[in-house]
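Structure first, commentary second.
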């Protein structure tokens, strides 16, 4: 079984960008921990600062029968990308949205996620643990569909 993690803009700067909000670890360090926690699951990872590339990846992963779920951290695109929201909505593959910080406790513009309406769940403010929670949600959702 394969789960795809797709990270949006500026998440390639984790470990350097606002460590008081996002922590000091790089995402590669987080990804290593995730793969250890879910050894039976293939974890794919993609990051882009480009809206179109994120949409293309959602569509590619949706078309791949090996991909059972998508964890999406759309970054700032969550707040205004109706195009990404449409790609998520058009996806037959379950999608869990993740935000490392609590978007409701930050600047007012961050409190709204236009992409959230299309996701199966939204996890916000749980730090990097949110990725593990999202994978757990997806694996539970997939198991429910097959039993």
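Bear in mind that the values in this text are calculations on the coordinates, not laboratory data. Since this is a predicted model, take the numbers as computed values, not measurements. Backbone-built Cβ (ideal geometry, glycine too); neighbour counts: all protein chains shown.
Taking only the range 15-28 into account, find how many residues are touching a residue at least 40 places away in the same chain (Cβ under 8 Å), assigned to a helix (DSSP H, G or I) and either on the phi > 0 side of the Ramachandran plot or exposed (fewer than 13 other Cβ atoms within 10 Å of the Cβ) (or both). Matching residues across the range 15-28 total 1. Evaluating residue 12 against the criteria (1) part of a helix (DSSP H, G or I); (2) in contact with a helix residue (DSSP H, G or I) (Cβ under 6 Å, 6 or more places away or on another chain); (3) crowded, with 16+ Cβ neighbours inside 10 Å leaves one unmet condition, (2).
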